[in-house]
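To start, the structure itself, in structure tokens.
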């Protein structure tokens, strides 16, 4: 524990004028470096959190939070399974789903397509509000009418407009295990935009009954999808459904199906954190340099304190106080600055764009034209604690060096 003498001397050394202004300059640079490093870390992680949330919402706008499927992708008696899934605590809605892959053509060019067969009566409750329809609605999908809804980029590539016919080329399995090509004509009745290229350029929606007829599935579907009340609880719900339904079914959730996207974001967050942590590391080394200079400047004072009976541990605490206050003040300023900037990123970025005369994220390149920010208390606490620890450790070497000053040698020529 610090006693009043050690605290008083440490604070006095912090306020005292140096024989050379260079020591004070290094101290100021250290404080500013820590502040900027902490603030930059908080802002960058908040922006990365915002992008992760934006990506999650866009990905899940066209997919559910989880699914339950029979083995080999064939799920029969799906009405009863829908009721079973809905009965699970935390599940908001459930709907049948059937998937078909193939090629699509409007003129002469063929494009890959993944058709999601849905039932509007169920899908409206599951994801109707999440789908960003540019033209049309889910209600245009009626059984037997061969209506289809395309992603915006896919419709653009095909050059198709509402009311135009498109041809689907679908491989359908036959009895002997081979595939036969099936040509089916659909009418474009709607266009959606998810904001994710993998969805907008390949996805299409059709009625589940029409897709089942093409694949000769009868009344079977691929799976039953569900949407959770809390998206982060979807993995737990999937595990609970697996345990309750048994080995006859296989469950999955969005963290598995879209795991590569979120692993990439986590990797980017980790690398950005490591890179920006170097700023705090350099500032911490500046604290070491400035304290070493202070120790050299105060050698005589240290010798006098030791002669008056102060123990080496007391000298260590004096210089620990001095270095810790520099570091902790920098961390406090950085946290305050970072939180303010992170909260106001959506306001600050447009001002910068208007001032500098360019758009940071143009709409013709990125789907997201505004930089999102999502401040998390956990990130702020981790950054602050890590910076506190690092700056505290930076004071140990100079403080230990001060404690090793020999009073006799220091006062010999005084």
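Summary table below
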{"quantity": "Condition check for residue 217: more than 18 Å from residue 154 (Cβ to Cβ), in the same structural domain as residue 88 (by TED's automatic domain parsing), at pLDDT below 85 and not in a helix (DSSP H, G or I)", "calculated": "yes"}
{"quantity": "Condition check for residue 277: within 28 Å of residue 40 (Cβ to Cβ) and surrounded by fewer than 17 Cβ atoms within 10 Å (Cβ to Cβ)", "calculated": "no"}
{"quantity": "Check on residue 336, under 22 Å from residue 36 (Cα atoms) and either at pLDDT 85 or above or in the same structural domain as residue 193 (by TED's automatic domain parsing) (or both)", "calculated": "yes"}
{"quantity": "Matching option when the condition is modelled with pLDDT of 75 or more and part of a helix (DSSP H, G or I), among 64, 94, 40, 112", "calculated": "40"}
{"quantity": "Options 282, 196, 187: the member that is surrounded by fewer than 17 Cβ atoms within 10 Å (Cβ to Cβ) and touching a helix residue (DSSP H, G or I) at 6+ places or on another chain (Cβ under 7 Å)", "calculated": "282"}
{"quantity": "Residue in segment 247-258 that is assigned to a helix (DSSP H, G or I), without any contact (Cβ under 8 Å) to a residue 40 or more places away in the chain and within 16 Å of the chain's Cα centre (by Cα) present", "calculated": "yes"}
{"quantity": "Residue in segment 345-363 that is nearest to residue 382 (Cα to Cα), counting only those that are modelled with pLDDT of 75 or more and surrounded by 13 or more Cβ atoms within 10 Å (Cβ to Cβ)", "calculated": "345"}
{"quantity": "Top-ranked residue of segment 16-34 - restricted to ones that are assigned to a helix (DSSP H, G or I) and at pLDDT below 70, ranked as farthest from residue 393 (Cα to Cα)", "calculated": "21"}
{"quantity": "Residues of segment 211-227 that turn out to be surrounded by 23 or more Cβ atoms within 10 Å (Cβ to Cβ) and either over 15 Å from residue 78 (Cβ atoms) or without any contact (Cβ under 8 Å) to a residue 12 or more places away in the chain (or both), as a count", "calculated": "0"}
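The values are calculated or read from the model by the stated rules, or taken from the named source; none is laboratory data. No experiment lies behind these values; they were computed from the predicted model shown. Cβ sites come from the backbone with ideal geometry, for glycine too, and all protein chains shown count toward neighbours.
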